[in-house]
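The values are calculated or read from the model by the stated rules, or taken from the named source; none is laboratory data. Worth saying up front: this structure is predicted, and the values here are computed from it rather than measured. Every residue, glycine as well, gets a Cβ built from its backbone with ideal geometry; the counts of neighbours run over all protein chains shown.
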Amino acid sequence: FCRLPVVSLGISFFSSLLYCYMLTKAVFSVILKSRITNFKQITVAAMSTEPLSLETLKKLHDDFYSNSKNELAQNVCTRYDPFEVAISRRRADSALHVYNIKVESEGKPVTNQENSGRCWLFAALNVMRLPFMKKNAIEEFEFSQSYLFFWDKIERSHYWLNNIVATAKEGEKLDGRLLNFLLKDPINDGGQWDMIVNLVNKYGVVPKKIFPESFSSRRSLHMNALIKTKLREYAKELRDKVAAKASDADIQGTINKQIAVIYNIVATCLGTPPEKFTFEFYNKEKAYQCMGPLSPQEFYNKHVRPLFNVDDKVCLVNDPRESNPFGKLYTLHCLGNVVGGRQTAYNNQPIETLMKVVKDSIQGGEAVWFGCEVSKRFERKNGLEDLDAQDYRLVFNTEVQIGMKKADRLLYGDSCMTHAMVFTAVGTDDKGNPKRFRVENSYSDKEYDKGYLLLTEPWFREFVFEVVVDKKYVPQAVLEVFKQTPVVLPAWDPMGTLACPCCDKENRQ
């Protein structure tokens with residue numbers, strides 16, 4: 001805007017240039033001050049009109065030290081973990097691992113997922129192995145968790161890439177909430193029950209001795225980092241193709257090439273699963289036994305499915321939010337692992353229904369896969385999951401972790417399913433009501449009561465979200481819900497949280 005007629009102004013060229021500079025500076029100064037003022041007004045309007053004053057902070061300080069208990073708590077908590085300090089010695093000492101209803105025998109050895117988020121796979125295979133071990137009189141046995149882990153990485157990457165294409169075709173913006181959610185964590189170790197069904201039905205299972213652990217199955221962080229960065233790179237490539245109106249065949253060809261790279265990464269890190277194998281073992285009587293040669297699918301269909309059929313198991317959840325009534329079927333947008341596979345389905349029921357089917361299943365001799373928020377009110381040394389395991393009010397003069405109702409904790413991001421384990425026993429009162437549950441975890445036998453937890457009925461109500469039982473233990477009226485067309489919840493809904501993206505050893509709270 002500074003095109004000044006130098007001659008008409010009767011000033012030199014350099015004076016004119018200086019004038020332009022000063023005028024430009026003045027104008028920009030006014031604009032900048034205006035914007036800063038507007039920003040301050042917006043910021044102040046959005047925040048409290050009463051900032052913390054020095055007088056308020058002085059009063060908080062004086063009030064804190066007016067109670068000698070606060071000073072004692074401070075002395076202890078500055079030296080030790082506040083979670084440990086809050087443990088109730090009285091409650092921990094009264095926790096007894098005694099149950100009147102149990103499965104016939106528990107699986108050996110106690111499994112260990114180590115530094116990975118594979119709890120959902122460990123829990124499922126821990127349940128599956130019980131009838132297999134009984135039928136074949138095997139004293140110690142594990143199905144290969146790494147085998148299903150391998151195929152889940154391949155399938156989930158393929159599923160995610162197809163979601164990227166679908167959302168691009170639907171016009172989802174790159175900076176929109178859905179794409180932000182998908183790109184933030186393209187893949188992790190966690191999963192849901194219906195994902196297990198997809199993997200087992202498509203790929204079968206193998207004994208752990210046939211496909212053992214590897215470094216990256218035990219410590220998956222760096223392998224996942226490699227996969228994630230490639231998936232984000234491929235997301236851009238696919239979105240660019242959709243924007244350029246590439247044909248479906250072209251896009252599918254691109255996905256196939258991308259999956260070939262992902263396969264190479266996973267196979268390099270985990271090893272390559274067997275196409276056929278022979279399983280040789282000694283039973284409890286030291287008699288030689290042999291199964292095979294056969295494929296993983298044949299092994300499952302012949303030796304496992306007749307004893308434990310994943311298609312006969314159903315998933316019941318407890319989501320008490322008013323927006324999601326009981327007696328309804330729900331699913332999650334973009335949640336799954338196999339294109340064309342079984343859809344994730346949540347049959348929402350009152351917590352009492354979940355407790356009853358767990359008890360009935362264990363009474364019938366079948367252990368139960370379940371999902372919960374494991375870290376809340378958890379006394380680690382003795383393996384106690386109880387609302388009174390810690391007395392935070394005694395230490396901090398306020399309630400912690402149970403200050404809101406279960407529904408509100410879901411709504412405000414303070415609770416969700418983080419870990420999957422197995423119920424193997426239940427203790428009841430004189431009326432047959434469940435009061436405590438025995439839980440098989442997958443953190444080795446060095447933790448808790450030789451690898452087992454005690455979970456109380458009040459804790460179950462607050463922090464258990466999902467159970468999986470055989471449909472024969474479920475009332476017909478509840479089974480009818482599975483015939484409904486599911487309500488689709490958004491991809492970021494807390495009920496879509498996977499067990500267990502952060503339940504590995506390094507991330508346990």
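Sort out which residues of region 169-181 are in a loop (DSSP other than H, G, I, E, B) and either charged (D, E, K, R) or in contact with a strand residue (DSSP E or B) (Cβ under 8 Å, 6 or more places away or on another chain) (or both), and write them in order of number. Passing the criteria: GLU170, GLU172, LYS173, ASP175. Here region 278-292 is the region considered, the condition is being part of a loop (DSSP other than H, G, I, E, B) and not charged (D, E, K, R), and the residue that is farthest from GLY107 (Cα to Cα) is ALA287. When region 182-214 is filtered for residues that are in a helix (DSSP H, G or I), within 12 Å of LEU498 (Cα to Cα) and in contact with a Cys (Cβ under 9 Å, 6 or more places away or on another chain), the ones remaining, listed by number, are TRP193, ASP194.
Candidates are the residues of region 77-96 that are part of a loop (DSSP other than H, G, I, E, B) and at pLDDT 85 or above; the one that is nearest to VAL439 (Cα to Cα) is SER88. The residues of region 154-195 that are among the small types (Gly, Ala, Ser), in contact (Cβ under 8 Å) with a residue 24 or more places away in the chain and either farther than 22 Å from ARG219 by Cα or outside the structural domain of MET495 (by TED's automatic domain parsing) (or both) amount to a single one, ALA168.
Taking PRO273 and the conditions (1) in a loop (DSSP other than H, G, I, E, B); (2) out of contact with any Phe, Trp or Tyr (no Cβ under 6 Å at 6 or more places or on another chain); (3) under 30 Å from VAL468 (Cα atoms), which numbered condition does it fall short on, given that it satisfies the others? Condition (2) is where PRO273 drops out. Yes or no: region 391-410 includes at least one residue that is small (Gly, Ala, Ser), within 14 Å of PRO82 (Cβ to Cβ) and out of contact with any Pro (no Cβ under 6 Å at 6 or more places or on another chain). No.
Residues in region 415-425: is at least one out of contact with any helix residue (DSSP H, G or I) (no Cβ under 8 Å at 6 or more places or on another chain), buried (at least 22 other Cβ atoms within 10 Å of the Cβ), touching a residue at least 60 places away in the same chain (Cβ under 8 Å) and assigned to a loop (DSSP other than H, G, I, E, B)? Yes, there is a match, as at least one residue in region 415-425 is out of contact with any helix residue (DSSP H, G or I) (no Cβ under 8 Å at 6 or more places or on another chain), buried (at least 22 other Cβ atoms within 10 Å of the Cβ), touching a residue at least 60 places away in the same chain (Cβ under 8 Å) and assigned to a loop (DSSP other than H, G, I, E, B).
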